[in-house]
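Step one of this worksheet: look at the structure below.
No lab work stands behind these numbers, since they all come straight from the coordinates. Quick caveat: nothing in here was measured; it's all calculated off a predicted structure. Positions of Cβ are generated from backbone atoms using ideal geometry, with glycine treated the same way; all protein chains shown enter the neighbour counts.
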Amino acid sequence: MRQACAEGYDAPELLKRYTTLGMATDQGRTSAVNALALIADARGRQLAEIGTTTFRPPFTPVSIGALAGAERDQHLLPTRRSPMHDALLEQGARMLETGLWLRPWFYPQGDEDVDQAYLREMHRVREVVGICDVSTLGKIAVQGPDAGELLDRVYVNAFKSLAVGKARYGVMLRDDGIVMDDGTSWRIAEHEYFMTTTTANAGKVMAWLEELLETRWPGLRAAVTSVTDQWAGVSVAGPQARALLQSALTNVDLSNEAFPFMGVREGRFQNEPCRIARISFSGELAYEVYVPADHGAALWRVLLAGATTRGGGAYGLEALGALRVEKGHVGGPELDGRATLEDLGLGRMASTKKPFIGSVLRLRPDLQRKDRAQLVGLVPVVRGETFKGGSILCETGDETGHGLGWITSVTESPSLGHWLGLGLVRGGLDAWLGRELVASDPIRGRVTRVKVVAPHFLDPEGTRLHA
Amino acid sequence: MPERASSLARTRAVPDLSCRSCAALVQYHAWPDRYGEMTGALATRCGIANAPAAGKAVSGAIGSLLRIHPQRLWLISEQTRDHPEIIPEIGVALDLSHARTIIHVAEDIVVPLLSHFIAIDLRPHRFAIDDVATTPLHRVSVALWRRADGIDILAPRSFARSIWDVLAEAAERLRYTNARPRAAGRAARGCLP
């Protein structure tokens, strides 16, 4: 402040803009008077002679709730509906707003609540077969002779070398080296990829790719187009997934030999072309099948009838999330805009043979620290106990302050018979594997002893998904 | 062929709003230095003398070409799913036939209805037949295409029902407010001493 005054910025409005003092979270409410006192001191004047900056409302603190307003109707926002929307409602789906989308949360039977329904749905997937509407996943057509080059530049791993008819899981970083989004990209043809993104980040990724092509790499012969609305998608997962899908599709051999894990094929659904990839979010033998959107409801009804006949059925968003926690896949709660590849246990995915967005800044010393919060699995020490997402992870006997980390995702596991969760804890598995922590939930006044384990709770060898 | 379900299948019917079907909507994207070659090739295949200028549509034997982007054309065909291919050295083609729902607004209510939602002057002498524009509507990016009998709104399929609902509500309110003053006026005259 004194230096600024010495340089001539000794009037309140000038000094505010020169130093940015008063522009931060307090908006000058606490800092302004102190600053004015320093100016007065530097100029040898009385505080009252200095004046103030222009005050703007709010003049007194306002709660965030007052600014956000009441939760009422759609707030004039549009609603997005999946091609299967009406078919899902016919089936009794309880819908959940996720962004602008309405997605099936769970499918109650009788008086079931969500907790009862999602466990039943999970059990069906693990034991028989389940189908899930995944049409809301972001889908982007990446086309052109340089499509592979574009993906190589935005994903941390290689895609130019991916063979036609294969899919690969990819992670993209922001410029600053933090994880931005993940998903699988399928190589449909020599010059065409079918990129999938998370539902939440679909718009952001699409805008990001457009920006890159228009500003940084206008010379690339690659085009990106959102095809989220073009395709309806169904995930078919469980031990009987292959048999169910084979009964609904033609012109495709789904056998393990002809269609291995991470394979991509084109088939026919009632004589219309469809795209199929053998990929798994749940850890089960699973496929994603996409048909043109107007045929989505027809595909859903055929698959549902087949699944029901086999003792399976539909599963919703709650079960989808719980299945991925059991498998230890990261999702939205872990990709929180702060995590690096290493934090999420994905560091080995990063190519050392090519540059990619974020490849330089991810190596900043602070992002490479070993004591950063890193992904771990958590189980209750007393197996009957539960814990909540958002709980703070602390050392035993020191349940104060910010702790050592936090719990990102939890679920009850019908397969393992107890609760389990994913979390990010300082030092990760290297520091805590096999040791105890405390999950502190100060809002509810609960404390649960948890043990740190590897995050892959179910079938870590991948036997099920390669079946 | 499997049953084809429109995104507007369960919307309430409203006079002056309808769903227009199309057999194919194909996007053509040209590489920056090859746009002229692409449009020339497409115009020939579509039986069109000249490809459309920016913000215009031109119709030919197998459909209409719309210039919706500096590097992109949309081919919309109501009759056939067949469409011309282009070589990758010039550009790429992409089927979007299921990605857009076409909401047709009858000419009589185009200006009074859409003026509530869109900041484009849609009066016929300013936005004439075969004029094309991309604009937000109900916070969603849509394409507008002036036809002889009204305007086609090419809306992303997943948003179509939501857009239909706000248009339908506004259209009903429009009829109500247009009708009431006349009735009130007659009634008022009848009450004069």
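Within the listed set B:Leu66, B:Leu94, B:Leu114, the Gaussian network model of chain B (springs between alpha-carbon atoms below 10 Å) gives the highest mean-square fluctuation for B:Leu94.
The residue list A:Thr340, A:Gly358, A:Gly377 was ranked by how far each Cα lies along the charge dipole of segment A:338-379 toward its positive end, using unit charges on Cβ atoms, and A:Gly358 comes out on top. Put simply, the C-alpha atoms of segment B:47-123 give a gyration tensor, and the ellipsoid matching it has half-axes of 27, 15, 13 Å, longest first.
Percent of alpha carbon pairs in segment A:325-467 separated by more than 18 Å? Tail of P(r) above 18 Å: 57 percent of Cα pairs.
Summing +1 for each Lys or Arg and -1 for each Asp or Glu, what net charge is found among the other residues whose Cβ lies under 12 Å from the Cβ of A:Glu112? That sum, taken over residues with Cβ under 12 Å, equals -3. Taking the Cα centre of segment A:300-455 as reference, the dipole from Cβ charges on Lys and Arg (+1) and Asp and Glu (-1) amounts to some 580 debye. Annotation: amide H-H contacts under 5 Å for A:Leu96 (H modelled 1.01 Å from N, sequence separation of 5 or more, or interchain): A:Arg103, A:Trp105. Could you work out the local net charge near A:Arg464, counting Lys and Arg as +1, Asp and Glu as -1, over the other residues with Cβ closer than 10 Å to its Cβ? Charge balance near A:Arg464 sits at -1. Think of each Lys and Arg Cβ as +1 and each Asp and Glu Cβ as -1; about the Cα centre, that makes the dipole of the protein assembly as shown roughly 780 debye. With the simple model of a label 7 Å out from the Cα in the direction of the Cβ, A:Ala48 to A:Thr215 spans 5.1 nm. Projecting the Cα positions of A:Asn201, A:Ile140, B:Gly55 onto the charge dipole of the protein assembly as shown (unit charges on Cβ atoms of Lys, Arg, Asp and Glu, taken about the Cα centre) puts B:Gly55 furthest along the positive direction. Can you count the Lys pairs in the protein assembly as shown with C-alpha separation below 26 Å, eight or more apart or on different chains? Count of close lysine pairs: 20.
Projected label points at B:His116 and A:Asp41, each 7 Å from Cα along the beta carbon direction, are separated by 6.2 nanometres. Rounded to the nearest Hz, the phi-derived 3J(HN,Hα) couplings of segment A:253-260 under the Karplus curve 6.51 cos²θ - 1.76 cosθ + 1.60 (θ = phi - 60°) are 9, 8, 4, 4, 6, 7, 9, x, where x marks glycine and proline.
Based on every Cα atom in segment B:1-83, Rg and the maximum pairwise Cα distance Dmax equal 15.3, 47 Å. Projecting the Cα positions of B:Leu75, B:Ala119, B:Ala148 onto the charge dipole of segment B:17-179 (unit charges on Cβ atoms of Lys, Arg, Asp and Glu, taken about the Cα centre) puts B:Ala119 furthest along the positive direction. Expressed in Å, the radius of gyration and Dmax of the Cα atoms of segment B:17-179 are 16.3, 58.
Taking the three principal axes of the alpha carbon atoms in segment A:51-190, the coordinate ranges are 68, 54, 25 Å, sorted in descending order. Among the GluC sites (Glu not before Pro) within segment A:132-208, those in coil by DSSP and having at most 16 neighbouring Cβ atoms inside 10 Å are A:Glu190.
Available extension along the chain between A:Glu97 and A:Val33 is 18.5 nm, counting 0.36 nm per residue and deducting the alpha carbon span. The string of couplings for segment A:58-64 from the Karplus curve (6.51, -1.76, 1.60, θ = phi - 60°) is x, 7, 10, x, 10, 5, 4 Hz, one whole number per residue in order, with x for Gly and Pro.
The length gained by stretching the chain between A:Glu7 and A:Ala258 to full extension, at 0.36 nm per residue less their Cα-Cα distance, is 82.9 nm. Here segment A:267-404 is treated as a sphere whose radius is the Kirkwood value from Cα pairs; by Stokes-Einstein at 4 °C and 1.567 mPa s it diffuses with a coefficient of 67 µm²/s. With Cα atoms defining each centre, segment A:245-302 and segment B:112-154 are spaced 39 Å apart in the structure.
Give the angle, between 0 and 90 degrees and rounded to the nearest 10, that separates the Cα long axis of helix B:157-191 from the longest principal axis of the Cα atoms of chain B. So the inclination is approximately 30 degrees. Tilt of helix A:31-43 relative to the longest C-alpha principal axis of chain A, in degrees (0 to 90, nearest 10)? Helix A:31-43 sits roughly 30 degrees off the main axis of chain A.
So, counting K/R as plus one and D/E as minus one, what does the shell of residues with Cβ under 15 Å around A:Ile443 add up to? Neighbour charge sum, excluding A:Ile443 itself: +1. Semi-axis lengths, largest first, of the ellipsoid equivalent to segment A:118-203 are 28, 17, 11 Å, with √(5λ) applied to each eigenvalue of the Cα gyration tensor. Based on alpha-carbon atoms, the Kirkwood radius and the radius of gyration of the protein assembly as shown give Rg/Rh equal to 1.02.
For chain A, leaving out every one of the chymotrypsin sites (Phe, Trp or Tyr not before Pro) that falls in a DSSP loop and has at most 13 other Cβ atoms within 10 Å, the longest unbroken run is A:60-467. Using every pair of distinct Cα positions in segment A:84-129, the Kirkwood expression returns a hydrodynamic radius of 11.3 angstrom. Based on DSSP H runs of at least 4 residues, each adding -39500 (n - 2.57), what is the mean residue ellipticity at 222 nm of chain A after dividing by all its residues, to the nearest 500 deg cm²/dmol? So the helix-based figure for chain A works out to -6500 deg cm²/dmol.
Remark: segment B:17-179 carries a charge dipole of roughly 260 debye about the Cα centre, counting +1 on each Lys and Arg Cβ and -1 on each Asp and Glu Cβ.
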